Structures are given as structure tokens and as C-alpha cells.
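Have a look at the structure below before the remarks.
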Amino acid sequence: MKRTSVLIVGMALLSLLLPGCGKDEVKKESIRPIKVMEVGGAQAIIGRWFPGKAKATQEVNLSFRVPGTLSEFPVNLGDDVAQGAVLARLDPRDYQVQLKNVEAQLSKAQANLELATADFERVERVWQKDPGAVSQAMVDAKRGERDAAQAQVTSARTAVAAARDNLNYTYLKAPFAGTVVEKFVENFQDVQATQEIVRLVDTTQVEFTVQVPESLIAYVPAVKGALVVFDAFPNEELPATVKEVGKEASKTTRTYPVTLIMNQPEGIKILPGMAGKAKGDPKTVQTVTEMSAGAGVEIPVSATFSGEGGKTYVWILDEAKEQVFRREVKPGSLTATGILVEGLHPCERIATAGVNTLVEGQKVRVLEE
């Protein structure tokens, strides 16, 4: 009896020490980190400098198509040359001899053709007047000799054309106007066909490539011009235009290459490889109203998702509540860097990643760029 009383008292004390057992614990609300972009936020492109590097619009390592010994190498590093200018020359004597040989073979073949043609025409005239004077076999044989002589002439003409081309290939000419930036061999050196001889770049225009994060790439179409500053000329803001936008992001940095192009400025010379930075020119930026007046506002494809009935949606960020809410948008055509949609307003912020795992009204935290 005493033992039973002690057990009851112990159980009562245990229940007092564990008041929370049997009750549902309040679950902590999860806060999801997300990446966002501002609709029509082209100011992010205007006010931000992106590092980059210059390169020539055209550049090529030139080589001869035939082997030989260099006999002329008149250009020096840094020389500006016109299109068609001779950059180097091989000793042409071997190729001149080869051309004379095949030209002689062509003359001989043409003489044989004239003789074979005359024989055939004579035999054919006799056969037409008196079929019994010559046989059909003789006529056919003379015709065959004439045709063979004609084939030899054709072959010799081809050989002459090839030899003449080879002689012309002893000249190495500039395919475009540019600057000599590297010489790979020395004059009087024996070189092989396709061996690199000289490097030529066209610097009349300069390209400048920067890497733009995927969260900002949708703003690039709003920027028609840019300003470039090179480290070598920090006080010069050079105007440039957008030439092309890369269609595939880097797998490691998740950035897109954007290539700008500019004319070679007066007073200074921009060379390939020069480092610098670029930003959007405020004077050339379209407003979101101008952009959406056409086919819609461009956003990343990753910002859209499908819902019931095949409708397209995006997640709108309510910054005051720190929540996301779904909104239907009307999709337009795909672009090189995203998709055009209608139904968004300037300065709204939308989620750009992980949109298929968000839920209506979910608490979120914006990841800073």
C-alpha cells in the first residue's frame, strides 16, 4: 500500500515537471531567401560600372599558302597598313620556273590538239565524200586522238592556273586596313605553308566586352549607348553603342557577355587588351513606359511560371510585408536574354529564381546582389 502511494506521488510530480508534453508546439515560420529584380530598373545599368577589356573588331594571324624562303619583310611592329598592302614576300624564283614549265607544256598540248584536230577533220571529210576510201574505225580513232589532245590541253591549263596561283601566294597581303602587332618570324627564314608570319588587327573600331549579372541582363535592351573609361586614360569618357548581347550565361559566374563597340577616338589610341570599365549612358536609356509601349517589358524567363489553365505568372514582392504574391502576366515573344510580358508596372520588384517553390503570401528575404 505504501509502495502504491509513493508511485502515485512520483507520477504527479513528473506531470508537473513536464507541462508542455501532449501539446502541439508552435512551428517557426520559415523565411525564404530570394533574388529579385526591379521592373524597368535601368538605373541599375546606368549607375554601375562594369569592368571589361578592349579587343579589335577584326584580328588575324596571317600565313603563306605555300612554303619558301622569306625575301622581303618590310613591316615593323606598330605599322599601320592599308588593305592590300604587301606585308611579306617569299623568294619567287622556284615558282616562276614552275610556271614557265607548265606554260611550255600547255603550248605543246595546244600544238598536239591542232594537229589531232586537223587529222580528224581531214579523215572525216574523206569518209563523207567516199565512205569506202577510209573505214569508220579510222574516223573513230582520229576522233579519239583529238579528244585526248583536248583533255591534255585542259589539264595543262589547270596546271598553269595552279602555278600562277602559287606564284601569287608568294605575296602576303593585308586583308583589311589595320596595325601590325606581332611578327612571328625573321626575314630570310625558311617557312612552311600555314606557318604564322604576322598578326594584324583592325583598330579603326574597338570592341569592349563586359560581364553583366543575370539579375541585370534584362535591363540591357533599354540601354542603347554606353560610356567607357580606360585605365590608361582615366579622364576620357568615350561613347560606345551596344553591339551584341550573349545568349548564354557563364556556368561559373552566371553573367552574360555584353559587347560594346566604339570608333577609335581622336588624340588617343585604344589598343587591344586595354582594361577599363563601362556603364550605361543616361542619355540613351529608354524609360519603362517607352519599352512597354511596344510588346511589353523584358524580364528573365526564370521569373515566370505556369499555373492553372496554362496561365503565366510572376511573384510580386510586397516589401512592407516582406511577402510575395502571385500575379498573372501576358507573355510575348522570347528575346536573346529573356521574355517580353505585359501586366507589370514600373519599379515593381519580382522574384527571378526558385519561383516554382514559392507559395502565396510566403515570407521572404531579399538576397543582395
(request) Name the residues whose placed amide hydrogens come within less than 5 Å of the amide hydrogen of Gln195, ignoring near sequence neighbours (fewer than 5 apart) on the same chain. (result) Phe64
(request) Rounded to the nearest 0.05, what FRET efficiency do Arg93 and Ala151 give with R0 = 30 Å and r taken as the Cβ-Cβ distance? Could you check? (result) 0.45
(message) Quick check on the range 203-314: what does the Kirkwood estimate of hydrodynamic radius come out to from the alpha carbon pairs, in Å?
(response) 15.9 Å
(request) Would you kindly derive the ³J(HN,Hα) couplings of the range 65-77 from the backbone phi angles with the Karplus curve 6.51 cos²θ - 1.76 cosθ + 1.60 (θ = phi - 60°), listing them in order in whole Hz, with x for Gly and Pro? (result) 8, 9, x, x, 10, 5, 10, 9, 8, x, 9, 10, 4
(request) Enter the accessible area of Glu182 (Å², nearest 10), with the probe set to 1.4 Å and all protein chains included. (result) 80 Å²
(message) Could you report the accessible area of Leu227 in Å², rounded to 10, computed with a 1.4 Å probe on the protein chains as they sit in the structure?
(response) 30 Å²
(request) Report, by chain and number, residues whose modeled amide H sits under 5 Å from the one on Thr335, excluding near sequence neighbours (fewer than 5 apart, same chain). (result) Leu340
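Kirkwood hydrodynamic radius, computed over distinct alpha-carbon pairs, for the chain: how many Å, to one decimal? Provide the component values of the computation, followed by the final result.
Numbers: mean 1/r = 0.0347 Å⁻¹.
Every distinct Cα pair counted, the radius reaches 28.8 Å.
Using only Cα atoms, figure out Rg for the range 122-188 and give it as a multiple of 2.2 N^0.38 Å.
So the Cα radius of gyration is 2.40 times the expected 2.2 N^0.38 Å.
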(request) Take the chain, connect every pair of alpha-carbon atoms lying under 10 Å apart with a spring to form a Gaussian network, then pick out the residue of Gln83, Gln136, Gln98 with the largest mean-square fluctuation. (result) Gln136
(message) Probe of 1.4 angstrom, ligands and nucleic acids ignored: what's the accessible area per residue over the range 160-254, in square angstrom?
(response) 51 Å²
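The range 209-271: D in µm²/s via Stokes-Einstein (Kirkwood Rh, Cα pairs, 10 °C, 1.306 mPa s)?
For these conditions, the coefficient is 123 µm²/s.
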(request) Keeping all protein chains in position, work out how much accessible area Ser250 exposes to a 1.4 Å probe, and write it in Å² to the nearest 10. (result) 40 Å²
(message) Going by average Cβ density within 10 Å per residue, which order do the peptides 118-126, 253-261 take, highest to lowest?
(response) 253-261, 118-126
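The values are calculated or read from the model by the stated rules, or taken from the named source; none is laboratory data. What you see is a predicted model, and the numbers here were worked out from it, not measured in a lab. For neighbour counting, all protein chains shown are included, and Cβ atoms are generated from backbone atoms with ideal geometry for every residue, glycine included. Quick note on the areas: whole protein, heavy atoms, side chains included, nothing else; ligands and nucleic acids left out. Shrake-Rupley method; radii C 1.70, N 1.55, O 1.52, S 1.80 Å.
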